[in-house]
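The values are calculated or read from the model by the stated rules, or taken from the named source; none is laboratory data. As the structure is a prediction and not an experimental result, all values here were calculated from the model. A quick note on method: Cβ atoms are made from the backbone with ideal geometry, for glycine too, and the neighbour counts reach across all protein chains shown. Ligands, DNA and RNA are excluded from the accessible area calculation, which covers all protein heavy atoms including side chains. Shrake-Rupley method; radii C 1.70, N 1.55, O 1.52, S 1.80 Å.
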Amino acid sequence: MMDLSEVERLVSELLATGEMNEDTSADLERILAEARAGQSYPDDLDYLAALHARILSAGAPEANIAAPTAIHEDIETLRRENAQLRAELQDARQIISELEARLTL
C-alpha cells in the first residue's frame, strides 16, 4: 500500500504534466484528499499508480486510451453509491416520519 508521500508525489507529477483533463484532475485531487484524511481506497491507489506509469513512461500514448475507461468505472461506482445513499436517505425519512407520528399520538 502506498504511503501519503508517495500519493502526493504521484499526483503532483501527474498534474504537473498539464495533460490531465478536468475530470481526471478532480479524481486525482479527490484521491489525494482521501489519502490525507487516511481514507485511501485500494482501487484508487491502483488507478493512480497505473495512470502515473502510463503517462510518465515511454508508453504514454496508451494512457489516453486507458484513462477514460478508469474514469467511466469511477463514475459508475459513484452512481451506484449515490443510488445506495438515496435509498438509505429514503429509509431514514420514513423512520423519522413514523417516529413523528408516534409523538403526536
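Rounded to the nearest 10 degrees, the angle from helix 60-103 to the longest Cα principal axis of the chain is 10 degrees.
For T104, the solvent-accessible surface with a 1.4 Å probe is about 120 Å², rounded to the nearest 10.
Rounded to the nearest 10 degrees, the inclination of helix 42-55 to the longest alpha-carbon principal axis of the chain is 30 degrees. Modelled spin-label separation between S57 and S97, with each label point placed 7 Å from Cα along the Cα-to-Cβ direction: 5.4 nm.
Computed over the alpha-carbon atoms, the chain gives an Rg to Rh ratio of 1.21, Rh here being the Kirkwood radius from the mean inverse distance. Simple point charges give the picture: +1 on the Cβ of Lys and Arg, -1 on the Cβ of Asp and Glu, and for the chain a dipole about the Cα centre of about 280 debye.
Surface analysis of the chain yields an accessible area of 71 Å² per residue, using protein heavy atoms and a 1.4 Å probe. For the chain, with all protein chains in place and a probe radius of 1.4 Å, 54% of the accessible heavy-atom surface sits on carbon or sulfur.
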